[in-house]
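Read through the structure below, which is laid out as structure tokens, and then see the notes.
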């Protein structure tokens, strides 16, 4: 494996009782890049994410991370290696403060994640680090308010902060702008670009204007198989890709989202 690639899949395949959801996918995610996984509904994008984090077990094929075959490993072991994922559905603790949400994610460093009997003040040593992460995602001024009071877009920014708290080498972002208005989409787009400056990001994203503006490489899936791969300019002009996105999605492909 080339040292250029932080993540590589070889002929990655997942079958469900004869239905092939992911078919012989070969992904090469370059270290320090933003790599987008796109495709029509049902193309196998989220299934692919679930295979990479071992929420699903591949039927066949290999997953390599940092040159090591991680195919047999369990989800927790993969997370400890620095492959950290966010989900489509907002996943913050609504009644904890914004700061406390990040502090919970940072607890792993103290080795006290399951020490429920410890006083809350034992976590105060993490406050400076938590505030620094909130600063990185432009949420420092919201640190003391309950997470439930954040707008949807800021909740997603908080999720990115908690993902960063796990010290990821590779961030997997699943539909980070789903359900957002234009202002929030733009905030999250800028945020992803900012945090990707020192990390690698692999994202599933339906908003083609986001993909076009920040992704270095795009892999297009259709019916579980790789249809095309390359920079946006190249992929967006590929006749097979245009055909796969017929109808309203074809408009999205041109970036008019």
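The values are calculated or read from the model by the stated rules, or taken from the named source; none is laboratory data. Not measured: the values here are computed from a predicted model. A quick note on method: Cβ atoms are made from the backbone with ideal geometry, for glycine too, and the neighbour counts reach across all protein chains shown.
Candidates are the residues of the range 174-190 that are within 15 Å of residue 35 (Cα to Cα) and touching a helix residue (DSSP H, G or I) at 6+ places or on another chain (Cβ under 7 Å); the one that is surrounded by the most Cβ atoms within 10 Å (Cβ to Cβ) is 176.
Residues in the range 13-27 that are free of Cβ contacts under 8 Å to residues at least 40 places away in the same chain and either in contact with a helix residue (DSSP H, G or I) (Cβ under 6 Å, 6 or more places away or on another chain) or in a strand (DSSP E or B) (or both): 16, 19.
Could you please let me know if residue 165 is at pLDDT below 90 and not assigned by TED's automatic domain parsing to the domain that holds residue 43? Give the steps one after another, and end with the answer.
Details: at pLDDT below 90: yes; not assigned by TED's automatic domain parsing to the domain that holds residue 43: yes.
Judged against the criteria, residue 165 is a match.
Annotation note: Cβ proximity below 8 Å between a residue of the range 185-209 that is within 20 Å of residue 8 (Cα to Cα) and a residue that is in a helix (DSSP H, G or I) and at pLDDT below 90 (sequence gap 6+ or interchain) occurs for 201/195. Within the range 2-49, the set of residues being touching a strand residue (DSSP E or B) at 6+ places or on another chain (Cβ under 8 Å) and at positive phi comprises 11, 24, 32, 39, 44.
Within the range 127-150, residues that are more than 24 Å from residue 193 (Cα to Cα) have Cβ atoms under 8 Å from residues that are surrounded by fewer than 16 Cβ atoms within 10 Å (Cβ to Cβ) in these pairs: 146/94; 146/95; 146/96; 148/94; 148/95, counting only partners at least 6 apart in sequence or on another chain.
Any residue at all in the range 36-52 that is assigned to a strand (DSSP E or B) and surrounded by fewer than 18 Cβ atoms within 10 Å (Cβ to Cβ)? Break it down into steps so the answer makes sense when it comes.
At the first step, the residues of the range 36-52 found to be assigned to a strand (DSSP E or B) are 36-38.
If we keep only those that are surrounded by fewer than 18 Cβ atoms within 10 Å (Cβ to Cβ) as well, we get none.
No, the conditions are met nowhere in the range 36-52.
Within the range 102-145, the set of residues being assigned to a loop (DSSP other than H, G, I, E, B), over 21 Å from the mean Cα position of the chain (by Cα) and modelled with pLDDT of 85 or more comprises 143, 144, 145. Among the conditions (1) outside any loop (DSSP other than H, G, I, E, B); (2) touching a helix residue (DSSP H, G or I) at 6+ places or on another chain (Cβ under 9 Å), the only one that residue 167 does not satisfy is (1). Looking across the range 204-228 at every residue that is touching a helix residue (DSSP H, G or I) at 6+ places or on another chain (Cβ under 7 Å) and in a strand (DSSP E or B), the one that is nearest to residue 163 (Cα to Cα) is identified as 204. Against the list (1) part of a strand (DSSP E or B); (2) surrounded by fewer than 18 Cβ atoms within 10 Å (Cβ to Cβ); (3) in contact with a helix residue (DSSP H, G or I) (Cβ under 6 Å, 6 or more places away or on another chain), the condition residue 84 fails is (2).
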